[in-house]
Amino acid sequence: KQWYQRRVRGGKLAYLKFENPDIICLQETKCAEADIPEEAKFTGYHRYFNSAEKKGYSGTALYSKVKPLSVTYGINMPEHDSEGRVITAEYSSFYFVGVYVPNAGQKLVRLSYRRKWNEDFLSYCKDLDSKKPVIVAGDLNVAHTEIDLANPKTNTKSSGFTPEEREDFSTWLDSGFVDTFRHFHADVKDAYTFWTYMSNARKRNIGWRIDYFVASERFVKNITANMIRDVVLGSDHCPIMLLVADDSVTDKEQKIGTGTIAVDEKENLTDAQEKED
């Protein structure tokens, strides 16, 4: 509950109101649905929450202005679905999947589990893609290439940049999916979405790009922009935005946002929680 309250109390929805997205997905909510405060039940949105069985851990949320045709939770695999990591909303022309991918952990203690997750989640996305195009959004906990983090040489054994995790992400992209940020910004450097709270990393822009919009290849023609809102403070992550020209949700260009609920760019929250494994 405190996770939400820190980000929505006292007018701190200014950024969200400014963006006015049609779909919002959040990761690492750490909050049981019964404990979500009224301030986080945003007016004008249908709301969906997937909480972990373990209290104060993981969790995802999805808000949509238009009611989806259907909403499902998890990927239909009990070994993965207890952690509240996936919400899938079906619209007339695409599936939207909000996801918080598990971290391989300190000393890579969950790397083998992470790789099993990668395999099973890809199968889930491919099954959806066989029916209609897919947009996957969220914290994928991997920096795919060396330009996706500030210090690649010293992080080859770090969670999120191991050869195994990068290879698995390449396999995903080789299966008919596109990293939409790189589609528009193939060679852009110093574009990050996560900065550790240590060593003044945010101010020095010593970061990682681990938050993504990944879309079915055949749907990319409907996507007009992918933006990283790195000036928006309030978390160790920043929000990212996707613009989609599609009438499934609105008759205008559709805005999709993902990441921690953030505050006005001139304001910083000093009590934001540390990123968990």
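Of note:
- Here the simple spin-label model places points 7 Å from the Cα toward Cβ, and for ASP81 and THR196 these points are separated by 3.6 nm.
- For the chain, with all protein chains in place and a probe radius of 1.4 Å, 48% of the accessible heavy-atom surface sits on carbon or sulfur.
- Structure-based [θ]222 nm, the chain - -39500 (n - 2.57) summed over DSSP H runs of at least 4, per residue, nearest 500: -5500 deg cm²/dmol
- Between the stretch 198-240 and the stretch 44-84, the alpha-carbon center distance in angstrom: 21
- Using a Gaussian network model of the chain in which every pair of alpha carbons under 10 angstrom is joined by a spring, one finds that among MET241, MET198, MET227 the greatest mean-square fluctuation is at MET198.
- Under the Debye formula (equal points on every Cα, no solvent term), log10 I(q)/I(0) of the stretch 131-233 at q = 0.17, 0.18 Å⁻¹: -0.79, -0.88
- Each residue of the stretch 27-37 is assigned a 3J(HN,Hα), and the resulting list reads 10, 6, 6, 6, 9, 5, 4, 5, 9, 5, x Hz, derived from the Karplus form 6.51 cos²θ - 1.76 cosθ + 1.60 (θ = phi - 60°), x at Gly and Pro.
- Computed magnitude of the charge dipole of the stretch 47-140 (debye, nearest 20; Cβ of K, R +1, Cβ of D, E -1): 220
- Sequence-separation-based contact order of the chain, relative, with Cα cut under 8 Å and 6+ spacing, percent: 19
- Rg over Rh for the stretch 58-118 works out to 1.06, using Cα positions for both radii and the Kirkwood form for Rh.
- The stretch 10-98 shape via C-alpha gyration tensor axes, a/c threshold 1.5: oblate
- Along the chain, the exposed loop sites are GluC sites (Glu not before Pro) outside DSSP states H, G, I, E and B with at most 14 other Cβ atoms within 10 Å, and the longest stretch free of them is 54-273.
- In the elastic network of the chain, a GNM with C-alpha springs shorter than 10 Å, the most mobile of LEU13, LEU108, LEU69 is LEU69.
- Residue-normalised accessible area of the chain, expressed per residue, 1.4 Å probe, Å²: 45
- The local environment of GLY74, defined by Cβ-Cβ distances under 12 Å, has a net charge of -4 under the rule Lys, Arg +1 and Asp, Glu -1.
- The value for the chain of Rg(Cα) / (2.2 N^0.38 Å) is 0.92.
The values are calculated or read from the model by the stated rules, or taken from the named source; none is laboratory data. Since the structure is predicted, the reported quantities are computational estimates derived from the model, not experimental observations. Every residue, glycine as well, gets a Cβ built from its backbone with ideal geometry; the counts of neighbours run over all protein chains shown. The area values use the complete protein model at the heavy-atom level, side chains included, leaving out ligands, DNA and RNA. Shrake-Rupley method; radii C 1.70, N 1.55, O 1.52, S 1.80 Å.
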